[in-house]
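The values are calculated or read from the model by the stated rules, or taken from the named source; none is laboratory data. Predicted model, so just to flag it, every value in this text is computed and none were measured. Because the Cβ atoms are built from the backbone with ideal geometry, glycine has one as well, and the counts that use them run over all protein chains shown. Ligands, DNA and RNA are stripped out before the accessible areas are found, and what is left, the full protein with its side chains, is counted by its heavy atoms. Shrake-Rupley method; radii C 1.70, N 1.55, O 1.52, S 1.80 Å.
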Amino acid sequence: MARGPQGGRNNRREEEDDGFVDKLVHINRVAKVVKGGRRFGFAALVVVGDQKGRVGFGHGKAREVPEAIRKASEAAKRDLIFVPLRDGRTLHHDVNGRHGAGKVVLRSAPPGTGIIAGGPMRAVFETVGMSDVVAKSLGSSNPYNMVRATFDALKRQMHPKAIAEQRGIKFSTLQDRRRDLIGADD
């Protein structure tokens, strides 16, 4: 298996089919002790996305690694969400997410920033198609909780048109206010 820059194992795997990109986030090996010795099983966590705003994650378990990855990919494709992106590269607004003890903070970033995020969150951002985002994981470092917390935050992401509709104002008025606020910071 390929080694990462820190010498540890690099568990990322990419595969493209029918427009989706699969990223392997984590593999867990479990052992069941039986009369003849140990029986190994594998659990895989996979993130799938079209790099245009649709993304999903799945969990699969099997006796063999490839079968676990296949099951996880199929589960991810069944449960996709759409994430509105600003200019197709970053978030519209900062957002927090949590799942269990896992907490994440996602922030929009200016062009050229890149993806500043740790492990499991980076896989989610790459498959959703984000190129500029700053993220911080607080609490649990468990990859399952981090991915679920990231998805919780992405589900809270709202498009400015939806916010304007909720407030009963025109989208252009909302954009003008945003430009005024950005201009006031300089």
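The table below lists the values:
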| item | result |
| --- | --- |
| Two-site label geometry, V65 and D176: point separation in nm, points 7 Å out along Cα→Cβ | 5.9 nm |
| Computed lengthening from F40 to R78, 0.36 nm per intervening residue step minus Cα-Cα distance | 11.0 nm |
| Probe 1.4 Å, all protein chains present, accessible-area order of K35, K161, largest first | K35, K161 |
| Carbon and sulfur %, accessible surface of the chain computed with the full protein complex present, 1.4 Å | 49 percent |
| Taking the C-alpha atoms of the chain, convex hull volume expressed per residue in Å³ | 154 Å³ |
| Accessible area per residue, Å², the chain with all protein chains present, probe 1.4 Å | 59 Å² |
| Paired Rg and Dmax values of segment 101-186, which use every Cα atom, in angstrom | 15.4, 42 |
| Expected-Rg normalisation [2.2 N^0.38 Å, Cα atoms] applied to segment 124-167 | 1.41 |
| Sum of -39500 (n - 2.57) over DSSP H runs of 4+, divided by residues of the chain (222 nm, nearest 500) | -10000 deg cm²/dmol |
